Structure formats: C-alpha cells, structure tokens
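The values are calculated or read from the model by the stated rules, or taken from the named source; none is laboratory data. In this text, all values refer to a predicted model and were calculated from it rather than measured experimentally. Here the Cβ is made from the backbone with ideal geometry for all residues, glycine too, and neighbour counts use every protein chain on show.
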Amino acid sequence: MTCLGRRALLAGIALAPPALAQGESRVVVVGGGFGGATCARALKRAGLAVTLVESEATYAACPLSNAVIAGTRPWERQLFSHEALEREGIHLIRHAATGVDATARRVVLGDGTRLPYDRLVLSPGIELRFDALPGYDEAAAEIMPHAWKAGPQTGLLRRQLEAMEDGGTVVMTVPANPYRCPPGPYERASLIAHYLKTHKRRSKLLVLDAKDSFSKQRLFQSAWAELYPGLLEHVPLSGGGRVVAVDAAARSVSTEFGDHAGAVVNVIPPQRAGRIAREAGAADRSGWCPVDPVTFESALVPGLHVIGDAAIAGAMPKSAFSAAAQARVCAAAVTSLLQDRAPAMPKLINTCYSLVAPDYGISVAGVYRPADGVLAEVEGAGGTSPLDAPPAFRALEAGYAEDWFGTATAEAFG
C-alpha cells in the first residue's frame, strides 16, 4: 500500500484523484496484471493522466507457475510490484473496484470513493465459476485446489503433490472452452508427470477433459508418448472425460460414466470475466465481454474498454501475451479517441510457450486482425513448433519461454 493509501485509510477519507491541468483527459485502468499494467504504462507514455486501481500489493504471475507446482521453479520469481509504474507518474490506488457508474463515468471503489474518468479500461482477468460444477465451491477448493489463479492455491497444490505417498493417483479435470490459457492444463499435466517420473515413479496421473481437441494437441501427445508412457492418461470428452460433479470429502470426481478418486485432485472449474466487468454491465449472457476489435471498447458500455482474459477476442486466445498485445492496441486507440482522431487498424500477435519438461518447450503463434466485427486469425501467418524437432530445438524453446517471461514482466512491471 502506498503512503497516500495509508494516510487516507487512517484519516477515514476518500482517496482523491491526481490534480489535472485544465482540459487534461483522465483515464482509469482497473487491474494490475499483464494487460492493465502494460496499458497503464503505454497510456502514461502517451502523455495521459492515468490512475491504476489494483487492490493487491504484489502481483503473482500465472505464466510459468505450473513449473512452481512441479517444483522446478521458485515461487519468488512469480512475484512483481507496481513500484516502477508509480515512479513513472501513474497514480496507484490500492482498493478494489466494486462498480462502475457508466452514465456519470465514475469508478466506484470499495471504500465509497468515486473516481471520474473520460475513458475506462478494465483488465479484470477471470472469475472462477463456483456455481458451475456441483460440489465444487471455495471450501472444496481448499481440499481439491484449482491453482488457476497464481497465489496460495499454487503452493497448496505443490504441497499436496509433495505429501502424496508414492503410488498415489493424481486426478486433473479440464473444463470446456473458453477459459484462461487454452494450453495451460496440458502444460500442467506434463510438468506434474515430470514430477512423478522423477520423484514418485509408482504414481499415475489421470486427466479428465471436457474436450476432444485442444491447443498444441499433437505436440503434447507426441511428447507424452515419448516422455511419460504409462504414467499420464488423458481421457477426452468422447471417452467419458467430462466431469459433472465432485465430492470434496471423498476426493472424488464424477463423469457420466463413473467416479474417479485421487490422492491429489486438481479441479480447474469453468470461468467467466472478472466480477467488476460484470458489475459494469460489460459482460453478456456468456459471462464474457464483447468488444470492438479495433479499440477494445465495450459493445455494451460506451467509454469503457475491456482487454485481456475477460474480453471476447474472437480467434485470439486468452493468454498473458494476448493481454499485453491488446493493452498496447487499446492504449493507442484510447489516445486517438481522446484526441478526436480515428484509431489505427491494428494487427495483433500472440505467441504461447508451453513446457512439457524443464528442458522441453513447444509453442504456437498466431497473427490476428479485425474482420467482420471480431479478431480473426491471419491465415498462414502463425504456426506451431515442428512435430519432429530434435531435443536441442525443444531445449531452445524452453529457454525462449523464460526469455519471453522476462521481457513481458519487464514491459508490464518494470
């Protein structure tokens, strides 16, 4: 918490927005992750007055957190502050945004403060749907962790794997699309399998999947056959993999064809846009936020933009790379709109690296541009890692994943 935040709380007064020069535009960004932090910095560097609303003092990054679960990466390398943003002159407020008055153009904070804005950018990430899977609620998550938001749950799943007796079964459940980081569950399965192979060789991993196809499928399955034969079993939708209920007390999950118990059970539940996006009226009946693919302005709430995992971005996947790319496009569009200029037609890139083992990386890349009101993939502009690449190539891609993480976190957090 900043000194300003502590003084305001002690005095029991509302936080005041920064003083502005006459006629200066005000932009509020809600959410300090890859999307929000990158957007706030880009807006500030464009000369705008920016307020960033983020309740957490430390941001825990999801990319590469699967390696923490597998014990190959220290947790401390996932943690970032927003101090560099404050040094650049971004006004940082350590409160949760609880609502948006779109008519008056004000963000409502948990302490009652109302922040005026000319343009608002929401980058709220996801909310886990504890109402979507019978038996799975926040209490159940303390027994069968999701670990789909980096933080205490990451450590909980890691400790459960460490405590499990050799010979125990690990059960993972994967939801139907859409959700944060499409290849993320399969990277996690790979790295848990690596942990079992190196530490608990009599144990098995069962992956119950609500889909028949998934991102980088051939690459993952080829790697599993090579590295984890007989250890990792993947059950797709067509094979009865869709989980319909859980029993936390029994550490068991149910499919339409039977029950599966595990010594460790990792349940990744369905998701939707972060709460503030829904409170603002920016989410439709799907639970996600439709946006203009040129500006990321909400299709439902004028003057409000949504970036990152919460947005319906057409063919562009929900990933940290996507969030940062959308943040830069959105910042440029907001700058143009506030100057009464037409925003430029964007072209966005997403590259996603996944680790199958600490020295075995695979990737997928795509290029996207607006077409027919959505972001469409540019045919032939992307691709995946070669299916028959040698070990040296896989090791290089594992290194590229670390390089990307360093670059992305530096651009977002300094």
Item checked: Residue satisfying all of: in the range 251-269; closer than 14 Å to residue 139 by Cα and part of a loop (DSSP other than H, G, I, E, B); nearest to the chain's Cα centre (by Cα) among these -> 269
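Select the strands (runs of 3 or more DSSP E) contained entirely in the range 81-138, then report the ones holding at least 2 residues which are closer than 28 Å to residue 270 by Cβ and of a type in the set (S, T, N, Q).
On the way: elements: 91-93, 97-101, 106-109, 114-116, 119-122, 126-128.
Correct list: empty, since no element meets the threshold.
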Next item on the list: Looking only at the range 330-384, count how many residues are in contact (Cβ under 8 Å) with a residue 60 or more places away in the chain, under 30 Å from residue 26 (Cβ atoms) and in a loop (DSSP other than H, G, I, E, B).
Entry: 1
Checklist line | Which numbered condition residue 305 misses (of (1) out of contact with any helix residue (DSSP H, G or I) (no Cβ under 6 Å at 6 or more places or on another chain); (2) crowded, with 21+ Cβ neighbours inside 10 Å; (3) more than 25 Å from residue 188 (Cα to Cα)) | finding: (1)
Next item on the list: Could you please give the count of residues in the range 236-260 that are buried (at least 18 other Cβ atoms within 10 Å of the Cβ) and of a type in the set (A, V, I, L, M, F, W, C)?
Entry: 4
Item checked: Residues that are crowded, with 18+ Cβ neighbours inside 10 Å, within 16 Å of the chain's Cα centre (by Cα) and of a type in the set (Ser, Thr, Tyr), drawn from the range 51-67 -> 59, 65
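So for the range 391-406 (the condition being surrounded by fewer than 24 Cβ atoms within 10 Å (Cβ to Cβ), of a type in the set (Ser, Thr, Tyr) and at pLDDT 95 or above), does at least one residue qualify? Give the derivation first.
Going residue by residue through the range 391-406, those that are surrounded by fewer than 24 Cβ atoms within 10 Å (Cβ to Cβ) are 391-406.
With the extra rule that they be of a type in the set (Ser, Thr, Tyr), the set shrinks to 400.
Those left that are additionally at pLDDT 95 or above: 400.
Yes, the conditions are met somewhere in the range 391-406.
Which members of the range 63-80 meet the condition of being among the polar types (S, T, N, Q) and not in a loop (DSSP other than H, G, I, E, B)? Walk me through it before giving the result.
Of the residues in the range 63-80, the ones among the polar types (S, T, N, Q) are 65-66, 72, 78.
Hits for the range 63-80 are 65, 66, 78.
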Item checked: Condition broken by residue 414, with the remaining ones in (1) modelled with pLDDT of 95 or more; (2) within 25 Å of residue 122 (Cα to Cα); (3) within 25 Å of the chain's Cα centre (by Cα); (4) buried (at least 16 other Cβ atoms within 10 Å of the Cβ) satisfied -> (1)
Check: In the range 311-329, how many residues are within 13 Å of residue 370 (Cβ to Cβ) and part of a helix (DSSP H, G or I)?
Finding: 2
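Based on this model, can you work out whether residue 301 counts as outside the structural domain of residue 173 (by TED's automatic domain parsing), closer than 30 Å to residue 133 by Cβ and assigned to a loop (DSSP other than H, G, I, E, B)? Quick ask: steps written out before the conclusion?
Values: outside the structural domain of residue 173 (by TED's automatic domain parsing): yes; closer than 30 Å to residue 133 by Cβ: yes; assigned to a loop (DSSP other than H, G, I, E, B): yes.
Criteria met by residue 301.
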Next item on the list: Mind telling me which of the residues 77, 73, 87 ends up being over 14 Å from residue 37 (Cα atoms), of a type in the set (Lys, Arg) and surrounded by fewer than 18 Cβ atoms within 10 Å (Cβ to Cβ)?
Entry: 77
Next item on the list: Filter the range 68-88 down to the residues that are free of Cβ contacts under 8 Å to residues at least 24 places away in the same chain and under 18 Å from the mean Cα position of the chain (by Cα), then identify the one that is nearest to residue 356 (Cα to Cα).
Entry: 77
Margin query: Condition first: more than 30 Å from residue 253 (Cα to Cα), touching a residue at least 12 places away in the same chain (Cβ under 8 Å) and not aromatic (Phe, Trp, Tyr). Can you find one or more residues in the range 271-278 that meet it?
Written below: yes
